[in-house]
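Have a look at the structure below before the remarks.
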Amino acid sequence: MPREIKIAPSVLASDFSKLGQEVRDVVDAGADWIHLDVMDGHFVPNITFGPDVIAKMRPHTDKIFDTHLMIEPCDPYLEAFAKAGSDIITVHAEATTHLDRSLQAIRALGKKAGVSLNPATPESVLEYVMDRLDLILVMTVNPGFGGQKFIEAMVEKTARIKQMIGDRPIDLEIDGGVTPETAPLVAKAGANVLVAGSAVFKGGTQDAYKANIDAIRSAAETA
């Protein structure tokens, strides 16, 4: 049975001058999760925010905080992001030498563990950690900044990962270039969590956010 589609707006595309309000508005507009893109200017060519900012956002909603660490190394910072209020902590397979150890560490902190794959990273890296995972995040753009064009070859990759998941209770998430046009492609391939930044936050008002979320969800659910 297909899993229910969840929409996870990325606050990377929000107005940082009123971050708490933006979180509240997008939740009221129908967001299921809040996606938090953490970038270090080293693993990816951008710098965003760290655990202190996440901790300040946390009181504004009880929705799942889906924290995507695009940082290298990641292990020394896992505890700080857990304490800041993250519910899911996702690390990049490319950013940790010992992926199994990193995933064990996240779960030991009482959080759900995710792994993210860059577009050029084969899904075979997942084979021996599947039973450590709560979430797999497929990058459908190269990580580092928003507003990029969706890489269509990732649809087939998503389908292959869905086959690997089988009946395990693992969420399959897509991040990058998600719009009402691309959402049906990845939903049909098996993804059930869709991250969207500019496609959600365009318009700048709660009403616009609701219309944007509804459009993405409707397109995905009719795939």
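Could you list the GluC sites (Glu not before Pro) in segment 1-94 that lie in coil according to DSSP, counting only those with at most 12 other Cβ atoms within 10 Å of their Cβ?
Details: sites: Glu4, Glu22, Glu79, Glu94; in loops: Glu4.
Answer by residue number: Glu4.
Answer rounded, prolate or oblate for segment 108-175, using the Cα gyration tensor with square roots of eigenvalues a ≥ b ≥ c: rounded when a/c is under 1.5, else prolate when a/b is larger than b/c, else oblate. Here segment 108-175 falls in the oblate category.
Scalar couplings 3J(HN,Hα) for segment 4-20, obtained by applying the Karplus form with A = 6.51, B = -1.76, C = 1.60 to θ = phi - 60°, are 4, 5, 10, 9, 10, x, 8, 5, 3, 8, 7, 8, 5, 6, 9, 4, x Hz; x denotes Gly and Pro.
Return one whole number: the accessible area per residue of the chain in Å², for a 1.4 Å probe. The partial results should precede the final answer.
Working: 9850 Å² over 223 residues.
In whole numbers, the chain has 44 Å² accessible per residue.
With the chain treated as a Gaussian network of Cα nodes joined by springs under 10 Å, which of Ala13, Ala120, Ala211 yields the largest mean-square fluctuation? Sorting by GNM fluctuation, first place goes to Ala120. Which of Leu194, Leu103, Leu19 ends up with the largest GNM mean-square fluctuation for the chain, with Cα atoms connected below 10 Å? So, out of Leu194, Leu103, Leu19, the one fluctuating most is Leu19. Counting only residues at least eight positions apart within a chain, or on another chain, the aspartates and glutamates with an alpha carbon under 15 Å from that of Lys188 are Glu4, Glu152, Glu156, Asp171, Glu173, Glu221.
Dividing the summed -39500 (n - 2.57) terms of all DSSP H runs of n ≥ 4 by the residue count of the chain sets its mean residue ellipticity at 222 nm at -9500 deg cm²/dmol.
Residue pairs exceeding 19 angstrom between C-alpha atoms, taken from Lys149/Lys202; Lys6/Lys210; Lys111/Lys210; Lys56/Lys83: Lys111/Lys210. Rounded to the nearest whole angstrom, the semi-axes of the ellipsoid equivalent to segment 1-55, taken from the Cα gyration tensor as √(5λ), stand at 23, 16, 9, largest first.
Looking at the square roots a ≥ b ≥ c of the eigenvalues of the Cα gyration tensor of segment 141-223, which shape do they give, rounded for a/c under 1.5, prolate if a/b is larger than b/c, or oblate? Write out the running numbers ahead of the final one.
Working: a/c = 2.20, a/b = 1.58, b/c = 1.39.
Prolate.
Measuring nothing but protein heavy atoms, the accessible surface of the chain at 1.4 Å probe radius is 51 percent carbon and sulfur. For the chain, a Gaussian network of Cα nodes joined below 10 Å ranks Ile71, Ile151, Ile106 by mean-square fluctuation, and the top entry is Ile151.
The values are calculated or read from the model by the stated rules, or taken from the named source; none is laboratory data. Predicted model only: the values in this text are computed from it and were never measured. Here Cβ is always computed from backbone atoms with ideal geometry, including for glycine, and neighbour counts include all displayed protein chains. Just the protein is used for accessible areas: all its heavy atoms, side chains included, with ligands, DNA and RNA removed. Shrake-Rupley method; radii C 1.70, N 1.55, O 1.52, S 1.80 Å.
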